[in-house]
Amino acid sequence: MLRLVTIILLCAMAYAFADPKVLHVSTIPSNADIYVDEIRPNHAKAPAYISPAVIEIADDSLASEVLISLFNPGFMDTTLRVRLSPKDTSYIIISQSPISDEDLLDKQQSELSKRKRANFGKGLMKFSLIPLALGLASGAVAYYEIEKAKDSKKTLKNSSIATDRYQQELEDFRDYRDKAKVAKGFSYAGIISGAALFSIGFILYF
């Protein structure tokens, strides 16, 4: 029994520390988009790799094959199942055939246009975080200035009009009030513009 447990533990440790299998993919021509383990890859999405590429088989050193799909505008889409070498590293070179069919070329260009639109939308969503952050920061400033204005207003009620303290508190109150208005305006502008950019980017991305 002890021997069996030892063997199981040794096998588990060998599996855990085994070098991951990798697949070297080269294409003719190069710069082909590579999608891994996708039966019907969406070419409008950015690829996982671009040839030539070294693909690490995801945390499964016992995998015996992997599905590779290639997309290269002007050349036939290629999908094949690659049987991996029993060793750690496998190599494959794929030659793609040029396309002469105008309809297929138009379809590929349409997919590229969708990808560009999606990438632009993703960029807009990331950029929208800037005005949103500025809007939230301005909102925090506005809240602070409003609270300070409230405190000054309370002090004014308890001060005599003829005193210097009253005049100073009056000036402070007006200053806090004006700063709060400006900060509130920046807050609204930042949040609205950020939300608008994010919404547009979301629509373009999906």
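Given charges of +1 on the Cβ of Lys and Arg and -1 on the Cβ of Asp and Glu, with all other atoms neutral, how large is the dipole of the stretch 37-164 about its Cα centre, in debye to the nearest 20? Please report the intermediate quantities before stating the final value.
Details: 17 positive and 17 negative charges, 164 e Å.
The dipole of the stretch 37-164 has a size of about 780 debye.
Find how much the distance from Asp103 to Lys181 grows on full extension, using 0.36 nm per residue of separation minus their present alpha carbon separation; answer in nm with one decimal. Walk me through the numbers before you get to the answer.
On the way: separation 78, 0.36 × 78 = 28.08 nm, distance 5.85 nm.
Net length gain for the segment: 22.2 nm.
What is the projected area of the convex hull of the Cα atoms of the stretch 122-162, averaged over all directions, in nm²?
Numbers: hull surface 12.7 nm².
Here the figure is 3.2 nm², rounded to one decimal.
Could you tell me what percent of the accessible area of the chain is made up of carbon and sulfur, with a 1.4 Å probe and every protein chain present? Before the final figure, lay out each step's value.
Values: 8530 of 14000 Å².
Roughly 61 percent of what the probe reaches on the chain is carbon or sulfur.
Specify which residue in the list Pro131, Phe202, Tyr188 is farthest towards the positive end of the charge dipole of the chain, using unit charges on the beta carbon of Lys, Arg (+1) and Asp, Glu (-1), about the Cα centre.
In the chain, that residue is Tyr188.
Taking the stretch 83-186, how many lysine pairs are there with alpha carbons less than 14 Å apart, if each pair must be eight or more places apart or span two chains? Working shown, then result.
Working: Lys114/Lys122; Lys148/Lys179; Lys148/Lys181; Lys150/Lys179; Lys150/Lys181.
Taking the Cα cut-off of 14 Å, the pair count is 5.
So with the 1.4 Å probe, I'd like the accessible area per residue for the chain, rounded to whole Å².
Value for the chain: 68 Å² per residue.
Just by accessible area at a 1.4 angstrom probe, what is the order of Tyr91, Tyr166, Tyr205 from largest to smallest? Spell out each step's value before the answer.
Numbers: Tyr91 165, Tyr166 45, Tyr205 90 Å².
Most to least solvent-accessible, the answer reads Tyr91, Tyr205, Tyr166.
Taking the Cα centre of each part, how many Å lie between the stretch 157-203 and the stretch 106-122?
After rounding, the separation between the Cα centres reads 43 Å.
Which value in Å does the Kirkwood hydrodynamic radius of the chain take, with 1/r averaged over all unlike C-alpha pairs and then inverted?
Numbers: mean 1/r = 0.0433 Å⁻¹.
Evaluated over the chain, this radius sits at 23.1 Å.
How far, in degrees from 0 to 90, does helix 102-127 lean away from the longest principal axis of the Cα atoms of the chain, to the nearest 10?
Helix 102-127 and the main axis of the chain meet at about 40 degrees.
Return a whole-number percent for the relative contact order of the stretch 43-172, with Cα pairs under 8 Å and 6 or more residues apart as the contact set.
On the way: 79 pairs, mean separation 25.3, N = 130.
The value is 19 percent.
The values are calculated or read from the model by the stated rules, or taken from the named source; none is laboratory data. What you see is a predicted model; the values in this text were computed from it and never measured. Note that each Cβ is placed from the backbone with ideal geometry, even for glycine, and that neighbours are counted across all protein chains shown. When the accessible area is computed, the model is the full protein with side chains, heavy atoms only, and any ligands, DNA or RNA have been set aside. Shrake-Rupley method; radii C 1.70, N 1.55, O 1.52, S 1.80 Å.
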